[in-house]
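Heads up: the structure comes next, in structure tokens.
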Amino acid sequence: MLNLGTVYAWSFFQKPLCETYGWSNSQVVWTFSLAICFLGLSAAAGGLILPKTGPRPLALAGAVLFGSGYLLAALALQMHLLPLLYLGYGVVGGIGLGLGYVTPVATVSRWFPDHRGLATGTVVMGFGFGALLMSKVIAPFLLRSVGGDMVLAFTVMGVLFLALSLASAAFIRNPPAASPANATAGDLPDSDAATAGSRIASKSFVLMWLIFFCNIFAGIALIGFQSPLFQDVCAKYDPGLGRETLAGYGGTLIAASSVFNGIGRFLWGALSDRLGRLLAFRLILASQIAAFAVLMQTAHPWLFATLVCYILLCYGGGFGTMPSFVLDMFGARLMPAVYGTILTAWSAAGIAGPQLVAMMKDRFPGQPALASFYSFATAICFLGTGMLLSLFLKERRREPCCS
């Protein structure tokens with residue numbers, strides 16, 4: 001999960017790629033959007049396949065595809081081919097992300113049926129910390145070592161992530177089928193498959209999907225551009241700052257916010273065990289509305305960074321809470337199929353959120369504050385919609401080992 005989560009440091013490369021290759025913000029961010037889109041789609045497919053194959057084959061396939069995505073991206077940059085960058089990092093790498101993501105989340109819930117929120121929150125915390133690993137360790141070290149050569153940097157990252165992810169995936173397995181909560185290691189019966197289909201079409205699932213989408217939209221719009229947005233704020237606050245200094249500030253915010261993203265997955269997941277999943281989501285949504293409202297007005301870098309970190313804390317909290325929410329609402333037996341499908345909300349938001357900010361930045365190239373204002377206002381609208389929808393959802397509590 002730590003390796004896969006490096007995708008959240010994409011904004012570290014957003015500005016350099018625009019400047020080096022002459023591509024627009026919208027063109028470059030489609031790479032990130034496609035990666036998140038195919039993450040969700042492949043996670044949905046992986047959730048259906050997981051009961052039949054077990055976790056290890058899917059995790060290994062995800063590792064191979066994820067590492068290969070970086071290698072194809074390096075080839076695309078060498079050839080200056082934007083469509084190949086989309087195919088490599090976006091499609092191939094995104095499919096690897098989805099297969100790799102859904103497997104440990106669904107599997108760990110079987111190992112710790114009495115502490116679902118804590119267990120799944122801890123595992124997805126690794127995904128949140130991935131951006132810290134990339135923005136403050138891997139990317140800066142590699143770019144310094146290769147003299148800023150993006151092609152060579154992406155090549156080394158591809159080899160590194162391929163090796164590390166394969167080594168990790170080789171150890172993933174289901175627990176012994178010794179309790180009702182763990183009695184789902186074999187093929188999913190046709191009757192259960194039909195039940196999963198009916199549950200996915202239910203009102204509860206649709207509401208959960210929409211609430212999840214609204215929370216992801218707000219956070220991922222920020223993730224895709226947090227470094228450039230922060231650099232704009234810092235440059236306006238202190239016009240004397242140079243390009244390298246601004247880039248360093250942007251990388252630092254990515255690292256700091258990734259810590260909050262990771263902690264939020266653990267913290268909100270654990271809190272949801274005590275507060276209930278629905279109340280946790282309502283608090284996540286409502287508090288972000290206030291944070292974005294202040295973010296729209298501030299021009300101070302420290303306050304801007306603090307608010308970004310809090311929003312990422314709540315963004316991660318949605319991912320830390322949703323797996324156990326699905327378990328409570330639909331049971332352990334249907335969890336892989338239902339949870340994989342609900343991750344398609346990530347796919348949709350992964351396209352809509354970053355593209356909105358890119359469109360605003362391209363439309364107001366000389367007015368970064370105005371572009372940010374409209375982007376943050378839209379995020380507030382989506383969070384408010386999610387909060388309103390949560391009022392129509394009824395929570396269902398399950399005993400720890402029941403399915």
Top-ranked residue in the stretch 220-266 [being part of a helix (DSSP H, G or I) and without any contact (Cβ under 8 Å) to a residue 12 or more places away in the chain; ranked as surrounded by the most Cβ atoms within 10 Å (Cβ to Cβ)]: Ala235
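In the stretch 13-124, which helices (runs of 4 or more DSSP H) lie fully inside it and hold 1 or more residues that are farther than 22 Å from Ala163 by Cα, out of contact with any strand residue (DSSP E or B) (no Cβ under 9 Å at 6 or more places or on another chain) and free of Cβ contacts under 8 Å to residues at least 12 places away in the same chain?
25-53, 55-79, 82-85
For every residue, the table says whether it meets (1) surrounded by 15 or more Cβ atoms within 10 Å (Cβ to Cβ); (2) at pLDDT below 95.
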position: Gly350; (1), (2): yes, yes
position: Leu356; (1), (2): yes, yes
position: Gly366; (1), (2): no, yes
position: Ala371; (1), (2): yes, yes
position: Phe376; (1), (2): yes, yes
position: Gly386; (1), (2): yes, no
position: Lys394; (1), (2): no, yes
position: Arg397; (1), (2): no, yes
Ala337 vs. criteria crowded, with 24+ Cβ neighbours inside 10 Å and touching a Leu at 6+ places or on another chain (Cβ under 6 Å): yes
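Yes/no matrix, rows are residues, columns are (1) crowded, with 24+ Cβ neighbours inside 10 Å; (2) within 17 Å of Met157 (Cβ to Cβ); (3) not charged (D, E, K, R):
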residue	(1), (2), (3)
Ser11	yes, yes, yes
Lys15	no, no, no
Trp30	no, no, yes
Leu39	yes, no, yes
Gly54	no, no, yes
Ala59	yes, no, yes
Gly100	yes, yes, yes
Answer from Ala256, Ala290, Ala247 - the residue that is under 30 Å from Gly366 (Cα atoms), at pLDDT 85 or above, of a type in the set (Gly, Ala, Ser) and more than 19 Å from the chain's Cα centre (by Cα): Ala290
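Whether any residue in the stretch 172-179 is at pLDDT 85 or above, out of contact with any Cys (no Cβ under 6 Å at 6 or more places or on another chain) and buried (at least 18 other Cβ atoms within 10 Å of the Cβ) is what I want to check.
Among the residues of the stretch 172-179, at least one is at pLDDT 85 or above, out of contact with any Cys (no Cβ under 6 Å at 6 or more places or on another chain) and buried (at least 18 other Cβ atoms within 10 Å of the Cβ), which makes the answer yes.
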Just for the stretch 139-168: of the residues that are over 20 Å from Leu85 (Cα atoms) and under 23 Å from the mean Cα position of the chain (by Cα), which one is surrounded by the most Cβ atoms within 10 Å (Cβ to Cβ)? Ser165
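The values are calculated or read from the model by the stated rules, or taken from the named source; none is laboratory data. No experiment lies behind these values; they were computed from the predicted model shown. Here the Cβ is made from the backbone with ideal geometry for all residues, glycine too, and neighbour counts use every protein chain on show.
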